[in-house]
1. Can you sort 288, 195 by how many other beta carbons sit within 10 Å, fewest first?
2. Where does each of 143, 160 land when they are ranked from fewest to most other beta-carbon atoms within 10 angstrom?
3. Before anything else, pin down the relative contact order of the stretch 47-463: Cα pairs under 8 Å, at least 6 apart, normalised by residue count, whole percent.
4. If we restrict to alpha carbons, what Rg and Dmax does the stretch 47-463 come to, in Å?
5. Based only on Cα atoms, what Rg/Rh ratio does the stretch 46-158 have, Rh being taken as Kirkwood's radius?
6. Mind sorting 373, 165 by how few other Cβ atoms lie within 10 Å of their own Cβ, fewest first?
């Protein structure tokens, strides 16, 4: 059955209608977004900018084939700490919701883009089944971190629950395995009941959700140095740099919008077409439209107890691009086209942090000195700029897309051993970054895995498809 998406139709049930006709008219019907929402450029024009063959090879052969081969242990535990040649490095061996969930998601995408290779299906099955064992059957939710033998390291519950929901939903979508769909919906219901913050899902809680709890890592609170170094940070980055701005890390008295929780709910809807999930998406978007800063042109993520915005939007510009991509994708699924303009303004503000001299996001600190450029913000620039150039008529973004892509190819891709490097310091050698200069994965600090690269490359693959259809027209 084709499901047409729009806002809920209001139907008056007249007494003259038969029961069957009344039922038909009363059903929720969602119409496709307005034609004005889609300004997709012709396929020939897309082909001038997107090399689909390169995208597929980079995603499957150049990245995910390595993760499938080297990160999945026989138990399904995903080993994130990988050196340049894909061998385990360091002593830290943990399964985190961030890593176990995000890498599982990349296997699902690899399975889809590769055309259903068995190695990806095997990786999905093993790693998803391990993730399901991280569930707290007593109190609900998933443990944030465990050892490979499932001994609990961190039993707090918070924003990283989104990675369980998102990855299980994506596994269900590509494999059609209803076990994973049910598990993803179970997470949704648990979080909806135990972590509500208005229409949002947010907060950090202890194991039984009875009170707030700090996010803890291997050596203590997130951002604090751990044994033998500083797992909470990469060289040249402030403590906990990759955690700042992420949903669920706000003060107990405040509020925070979680970019990855929203991503997870969109992904859950794609997998299940649940009306309950869409209702939450609509409620969240309605609230976001009210919280949006129309003067500066961005969606704030951090708020005080009275929902007054706090923080600096330029402190985490990568999220400005992430929100833009998610707004556009929500419109693909049937949301109000007004969110295209809001996402577009997010991009414009994010580009104020763009370093044209280097070709990527960031690279200098507030004092103008060189600063570490992590891999993931570059992915978000490429994804959002291509998304809005192809689907939303923003041809002015193609130079940013191309310059950032050229920078990524030159700087982050390992042409010798495959995969991506973590960071780059302008004006410095890679060796100067020390132990993390050549790693392919890390479970601490900026939790390096295949997630952001896969999300970027998959969107390029999806929206450049000559047979592209929005979800609302399938």
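1. Placing the least packed residue first, the sequence is 288, 195.
2. Ascending number of Cβ neighbours within 10 Å: 143, 160.
3. Relative contact order of the stretch 47-463: 18 percent.
4. Values for the stretch 47-463 (Cα only, Rg and Dmax): 19.6, 55 Å.
5. Answer for the stretch 46-158: 1.04.
6. The most exposed by this proxy come first: 373, 165.
Each reported figure results from applying straightforward, stated rules to the coordinates on display, with no laboratory input. The structure displayed is predicted, hence computed values, not measured ones. Every residue, glycine as well, gets a Cβ built from its backbone with ideal geometry; the counts of neighbours run over all protein chains shown.
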